[in-house]
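*Asks:* Let me begin by handing over the structure; questions about it come next.
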Amino acid sequence: MEKTLFRFIWRFSAREQIIILFITCCSFPALYYSLVIPKNIVNEAISGTDFPRSYLWIPLDQVPYLLALCFALLAMVVINNALRYILNIYTGITGERMLRRLLYELLERLVRFQPKCFRRLSSAEIIPIITSESEQLGGFIGESIATPVYQGGTLLVYIGFILIQDPVLGAAAIASYPLQAYLIPKLQKRVVRLNRARSKNIRALSRDINEMVTAASEMHARAGSQLHLLTVSERLYQNFRVRYEIYKRRFLIKLLDSFISQLAPFFFYAIGGYMVIQGQISLGSLVAVLAAYTDLAGPWRELLNYYQHMVEMVMRYESVIEHFDHKEMSERDQIMPPLDKNAVLSGELVVESISLEGEAGTDPVNAFSVVAHPGETMVLVGSETTGRSALLRAIGGLEEPLSGKVRLGGDDLHRMSEMARAQAVAFIAKTHHMFAGTLRANLLYGFGIVEPEMVLMTGVGDQRPATRLHEAKITASAHPDLIDFPFLDADRRTDLEHKALQLLDIFGLSDDVYQMGLDLPLGADAPDALRQTILAVRAKIRALIAADDQLSDLIDLWQKDRFNRSASLGENIFFAVPVQVGADFNQVAGDTLALKALAKAGLLQDLVILGADVALSITDLFADVSGDNTLLSAYSFMPIDEFEDYGRIARRAKTAGAAKLRSAQQAKLLALALAISPLRHRIVKISGQLEERIVKARGLLRSFVDASPLLTPIEEDTILPALSLSANLVLGRRRPDRRGSLEKVNQLVRDVAEDQGVRSDITRFGLSFNVGSGGANLSPVQRFRVGLASSLLREPALIICDGLGAGSLKQDKDLLEKIRFCAPNAILVVGTSEPSFGAEMGRTIDL
Amino acid sequence: MSLDPEVEALRQSAFFQDIGASHLKLLAFMSDSVVYRSGETVCEQGDRGDTAFFILDGMADIVVKTDQGPLVAASLPKLSLVGEIAMLCDIPRTATVIAKTDMQVMIITREAFFNLMNEFPDVSMKVIRLLAARLAATTQDLAQSRSEVASLQEAAANA
């Protein structure tokens, strides 16, 4: 990386800076003329004589001449402003592109860090460096050369003008500058040091915050909250202190400049006045000089600001890159090599005399050597203190040894590309880290781009593919067309999914993923084949349920001409479910179109009255309950602090009628009514008559439902994206008043799906399950098994498994047998602290 | 309100009769009303449970496990309360309850009931008095049974 900011700027944006400079210089003439023309208008056009004069070689009378000059002035103003705008945009773009380039380079280095680099610099510190500390660099880079040139040039023009009027006064005008040029850098140095301290403090604060968040449960369990609050409070105080000191110095500089500058007129009036009295210069000249001197203040201030800003930015750049300039980084070629698809590693594992330094609590490893052949199982036996884990990591190519080599099939594991090594070596640990995303993405991680949305996001502005590629090229960033990491094509994906499902089955995750598939909302982009399958199975399941008395007793199927007592009124009336998974009908109730549609169907009044009944019953029931009773607030349809409000509206509805309420009030009561599910909520009774009217109204409301973005209509021959696959298969609601209905319905669905042979389709669909951040939606055992499947999917030549034999010996033996079954020709290296475990598995080596 | 029939039913039970109607309404609101078909098991002997079952309609058989197999110890009619002890204390079910006919049952959870007791202490008082009265009656019965057993043993020894 370039060592200083200006080297970086020059190396990568020299051309742009020159263009900016050129545009800046183009604006000088316009600026000059916009100062000269007003003088001409006054002197020549208004108070001039001797017309017609020619302007631009056209003879004009006085008034036309005046107008011509005025329009010329207007033209200068327009040109000036247009150039300024273009300049600003261009400097902005240049700066932002450079920022992107810089940030990408830093992040690429991050990827190349060896694991031990992260011991010194945690993610909590890296994040503020990359996000906030670097941000201002973008804005500065664009104007880094143009601003001083522009302001400096303007300054020189004015000074030149003053010197031309009178050299002595000119000298007086610039007399203060050398003094300021000496003092200000000295003060600025101090500010630089303070800013460094401030950055350090912010990074430390970042670390503290990170701890508070990641160790939140530990902190609360052991009453550490106050300690952490004290720590961050002190950090914030130190932050305040350092910022205060910076403010004092920064504004001292500005004060100095301001004071000295305003001191000059004292000399002007004194010396200049004397000279005028003595007749050495004219009064007009003195006035002109004073005016020009006032104009000097602007550019000088801008230069001063620029200087302060520049010093700060230069320091910031250096402070940012110093954290990313490590000796122990992988080569760029190792991370992003051209992909050699045919290179498949296999062969002997030869460990040649590797040595590792000891870490805290473990011994160093000295000159360890071993050879293993394909199909062999080798067990390294040693306790945690023998450095066994580090040794296994080194053998697996994860950590570079101090000396010695590890070769697989003749190739040095530590010198080969990441891709090649990942394909050849599988490292299985008890804790498998998962990435936020689907199960599929985690299993196929590393094979290619599984989910295009990850690398082609939506955003604002110009999102065309060509622009995206162009911007990536000119900022030396990554792009799918520039890097050899492919989008996974459909065939390969299907192939890999098939293999992954087999592996999941071997390691006992098949049932779990099948259930995930059943529970997953189908979503708008479910594959067509799956949709057809679901509809076919749905028909069978519904027929089964209708024919079986016991089953019909457990589940209320949705039928167009029947009221469904197990579902809410909202679902019954609109014969639809909310588009958003798990949403209620509150939004629909608030939609004025819904109110209109319901009024047209003749149901609105009754529903509002029903809602009023609910509100009054609830307020009545909870009349004596204390406000902070949490259990009761879970049962209440309305939040307890709104009881009065609802009560008032409800009483009004009951006495004056629903029509007398404002639509917002009607909506509130309507929402209550729509939430009622007759078999679950017995607080109000839904008469048979109302049920019939509701069923009849479904047809009238259909057009509203079709047009509404909030609802999906229920139909026997289409799928409902908002519902889970399982709910789509049944298209009904389980009876809330029958115990065990949920389990029985789930069992029915599972059994029928298996009978119909769609289990594998559903399991494949289950791969779209979102595992959550860090795999939070899976249990540790599930995560471990997914890790196994992912590792073995690559068909590695070398499999390393550490930490076995510590718990259940039988389980671990089974595990190794399964692994061996999946990879019969691989070299299996096992690490354990149990000597007896090792003895049965294969060749043992004691550490 | 459609909870009224349930409240009326609760008031006819010995356990709940002293508790005020408004509190009973709240309890009914928080409880589920569930259907059991004839022959279905409501709860199993030995299971841990924290709910009481109040029979709104239908009949239930109380079945205990014996060395000779399951034995129907009693049949409970409409308006009976089963499992209230398990609801109050953390003990396993003392018997299996099976629906003799189709039943409508109100399921009262410990959480709901305790919440009610917390909120309205007079409910707690009434429950305590009820349980104390039961205990007194049971103690009396036990004393009587013991004396009968003693006299039978004496008679057997003398014979």
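*Asks:* When you go through A:E322, A:E348, A:E328 one by one, which is the residue that is among the acidic types (D, E) and modelled with pLDDT under 75?
*Replies:* A:E328
*Asks:* Having 3 or more residues that are more than 32 Å from the chain's Cα centre (by Cα), crowded, with 20+ Cβ neighbours inside 10 Å and at pLDDT 90 or above is the bar; report the strands (runs of 3 or more DSSP E) wholly within region A:729-847 that clear it.
*Replies:* Result: A:798-804, A:827-832.
*Asks:* Has region A:31-46 got any residue that is within 45 Å of the chain's Cα centre (by Cα) and surrounded by 14 or more Cβ atoms within 10 Å (Cβ to Cβ)?
*Replies:* yes
*Asks:* For region A:348-360, which residues satisfy the criterion of being open to solvent by 40 Å² or more (accessible area, probe 1.4 Å) and touching a residue at least 60 places away in the same chain (Cβ under 8 Å)?
*Replies:* Residue satisfying the conditions is A:E348 alone.
*Asks:* Next question. Only strands (runs of 3 or more DSSP E) wholly contained in region A:361-418 count here; list those with 1 or more residues that are surrounded by fewer than 21 Cβ atoms within 10 Å (Cβ to Cβ), of a type in the set (A, V, I, L, M, F, W, C) and without any contact (Cβ under 8 Å) to a residue 40 or more places away in the chain.
*Replies:* A:365-372
*Asks:* For A:A823, indicate whether it is in contact with a Leu (Cβ under 9 Å, 6 or more places away or on another chain) and of a type in the set (A, V, I, L, M, F, W, C).
*Replies:* When the stated conditions are applied, A:A823 passes them.
*Asks:* For B:E84, are the conditions met, namely being in contact with a strand residue (DSSP E or B) (Cβ under 7 Å, 6 or more places away or on another chain) and of a type in the set (D, E, K, R)?
*Replies:* yes
*Asks:* Can you tell me how many residues within region A:448-458 are open to solvent by 50 Å² or more (accessible area, probe 1.4 Å) and either more than 18 Å from A:D525 (Cα to Cα) or among the polar types (S, T, N, Q) (or both)?
*Replies:* Total meeting the criteria: 2.
*Asks:* Go through A:S54, A:S123 for me and flag whichever is under 30 Å from A:V311 (Cα atoms), open to solvent by 40 Å² or more (accessible area, probe 1.4 Å) and modelled with pLDDT under 85.
*Replies:* None of the others qualify; the one that does is A:S123.
*Asks:* In this structure, does A:D484 turn out to be modelled with pLDDT under 90, within 25 Å of the chain's Cα centre (by Cα) and closer than 30 Å to A:I93 by Cα?
*Replies:* Taking the combined requirement at face value, the residue satisfies it.
*Asks:* Okay, next question. Any residue at all in region B:101-116 that is surrounded by fewer than 19 Cβ atoms within 10 Å (Cβ to Cβ), within 14 Å of chain A (Cβ to nearest Cβ) and free of Cβ contacts under 8 Å to residues at least 60 places away in the same chain?
*Replies:* Checked region B:101-116: at least one residue is surrounded by fewer than 19 Cβ atoms within 10 Å (Cβ to Cβ), within 14 Å of chain A (Cβ to nearest Cβ) and free of Cβ contacts under 8 Å to residues at least 60 places away in the same chain.
*Asks:* Can you give me the ranges of the helices (runs of 4 or more DSSP H) entirely in region A:102-220 with at least 1 residues that are of a type in the set (V, I, T)?
*Replies:* A:123-128, A:134-143, A:146-165, A:167-173, A:176-214
This table checks each residue for (1) of a type in the set (K, R); (2) under 26 Å from A:L710 (Cβ atoms); (3) at pLDDT 90 or above.
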{"position": "A:D556", "(1), (2), (3)": "no, yes, yes"}
{"position": "A:G570", "(1), (2), (3)": "no, yes, yes"}
{"position": "A:Q587", "(1), (2), (3)": "no, yes, no"}
{"position": "A:I609", "(1), (2), (3)": "no, yes, yes"}
{"position": "A:D628", "(1), (2), (3)": "no, no, no"}
{"position": "A:L631", "(1), (2), (3)": "no, no, no"}
{"position": "A:A634", "(1), (2), (3)": "no, yes, no"}
{"position": "A:F637", "(1), (2), (3)": "no, yes, no"}
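*Asks:* What number of residues in region B:8-38 are closer than 25 Å to B:T101 by Cα and more than 11 Å from chain A (Cβ to nearest Cβ)?
*Replies:* Of the residues in region B:8-38, 10 are closer than 25 Å to B:T101 by Cα and more than 11 Å from chain A (Cβ to nearest Cβ).
*Asks:* Open to solvent by 50 Å² or more (accessible area, probe 1.4 Å) and within 14 Å of chain A (Cβ to nearest Cβ): does that describe B:D90?
*Replies:* Here the answer is no, as B:D90 does not meet what is asked.
*Asks:* Let me ask something else about it. Inside region A:237-349, counting only helices (runs of 4 or more DSSP H) that do not spill past its ends, which hold 2 or more residues that are within 42 Å of the chain's Cα centre (by Cα) and farther than 30 Å from A:D412 by Cβ?
*Replies:* In region A:237-349, A:283-321 are the helices (runs of 4 or more DSSP H) which contain 2 or more residues that are within 42 Å of the chain's Cα centre (by Cα) and farther than 30 Å from A:D412 by Cβ.
*Asks:* Sticking with this structure for a sec: Is region A:576-599 home to any residue that is over 30 Å from B:M117 (Cβ atoms), more than 14 Å from chain B (Cβ to nearest Cβ), over 44 Å from the mean Cα position of the chain (by Cα) and not hydroxyl-bearing (S, T, Y)?
*Replies:* Looking for residues that are over 30 Å from B:M117 (Cβ atoms), more than 14 Å from chain B (Cβ to nearest Cβ), over 44 Å from the mean Cα position of the chain (by Cα) and not hydroxyl-bearing (S, T, Y), one finds at least one in region A:576-599, hence yes.
*Asks:* Right, here's the next one. Scan region A:102-119 and report the pairs whose first residue is surrounded by 17 or more Cβ atoms within 10 Å (Cβ to Cβ) and whose second residue is in a strand (DSSP E or B), with Cβ atoms within less than 9 Å and a gap of 6+ or a chain change.
*Replies:* As it stands, the answer is A:R109/A:M329; A:R112/A:M329; A:C117/A:M329, since those pairs meet every condition given.
*Asks:* Separate question: Since A:A173 meets every condition but one in (1) under 30 Å from A:I86 (Cβ atoms); (2) touching a residue at least 40 places away in the same chain (Cβ under 8 Å); (3) among the small types (G, A, S), which condition does it not meet?
*Replies:* With respect to (1) under 30 Å from A:I86 (Cβ atoms); (2) touching a residue at least 40 places away in the same chain (Cβ under 8 Å); (3) among the small types (G, A, S), A:A173 is out only on (1).
*Asks:* Which condition breaks for B:E44 when tested against (1) open to solvent by less than 70 Å² (accessible area, probe 1.4 Å); (2) in contact with a Ser or Thr (Cβ under 8 Å, 6 or more places away or on another chain); (3) within 14 Å of another protein chain (Cβ to nearest Cβ)?
*Replies:* The failed condition is (1).
*Asks:* I'd like the full set of residues that are within 14 Å of chain B (Cβ to nearest Cβ) and small (G, A, S), limited to region A:525-569.
*Replies:* Answer for region A:525-569, where residues must be within 14 Å of chain B (Cβ to nearest Cβ) and small (G, A, S): A:S552, A:S566.
*Asks:* Scan region A:32-78 for residues that are in a loop (DSSP other than H, G, I, E, B) and either touching a Phe, Trp or Tyr at 6+ places or on another chain (Cβ under 6 Å) or not hydroxyl-bearing (S, T, Y) (or both) and jot them down.
*Replies:* Listed by number, the residues that qualify are A:G48, A:D50, A:F51, A:P52, A:L56, A:W57, A:D61.
*Asks:* Within region A:674-689, count every residue that is out of contact with any Leu (no Cβ under 6 Å at 6 or more places or on another chain) and more than 21 Å from B:P5 (Cα to Cα).
*Replies:* Qualifying residue count, region A:674-689: 1.
*Asks:* Considering every residue within region A:682-698, establish whether at least one is in contact (Cβ under 8 Å) with a residue 40 or more places away in the chain, touching a strand residue (DSSP E or B) at 6+ places or on another chain (Cβ under 8 Å) and within 14 Å of chain B (Cβ to nearest Cβ).
*Replies:* Within region A:682-698, none of the residues are in contact (Cβ under 8 Å) with a residue 40 or more places away in the chain, touching a strand residue (DSSP E or B) at 6+ places or on another chain (Cβ under 8 Å) and within 14 Å of chain B (Cβ to nearest Cβ).
*Asks:* Something else about it: Can you tell me which residue in region A:216-228 is most open to solvent (accessible area, probe 1.4 Å), limited to those that are in contact with a helix residue (DSSP H, G or I) (Cβ under 9 Å, 6 or more places away or on another chain) and of a type outside the set (S, T, Y)?
*Replies:* It comes out as A:L227.
*Asks:* Considering every residue within region A:502-512, establish whether at least one is closer than 30 Å to A:T712 by Cα, open to solvent by less than 70 Å² (accessible area, probe 1.4 Å) and either modelled with pLDDT under 90 or touching a Gly at 6+ places or on another chain (Cβ under 7 Å) (or both).
*Replies:* no
*Asks:* So for region A:667-677 (the condition being away from chain B (no Cβ under 14 Å), open to solvent by less than 10 Å² (accessible area, probe 1.4 Å) and more than 41 Å from the chain's Cα centre (by Cα)), does at least one residue qualify?
*Replies:* No, there is no match, as no residue in region A:667-677 is away from chain B (no Cβ under 14 Å), open to solvent by less than 10 Å² (accessible area, probe 1.4 Å) and more than 41 Å from the chain's Cα centre (by Cα).
*Asks:* Within region A:638-653, is even one residue open to solvent by 20 Å² or more (accessible area, probe 1.4 Å) and within 14 Å of another protein chain (Cβ to nearest Cβ)?
*Replies:* yes
The values are calculated or read from the model by the stated rules, or taken from the named source; none is laboratory data. In this text, all values refer to a predicted model and were calculated from it rather than measured experimentally. For neighbour counting, all protein chains shown are included, and Cβ atoms are generated from backbone atoms with ideal geometry for every residue, glycine included. Surface areas here come from the heavy atoms of the whole protein model, side chains and all, with no ligands, DNA or RNA. Shrake-Rupley method; radii C 1.70, N 1.55, O 1.52, S 1.80 Å.
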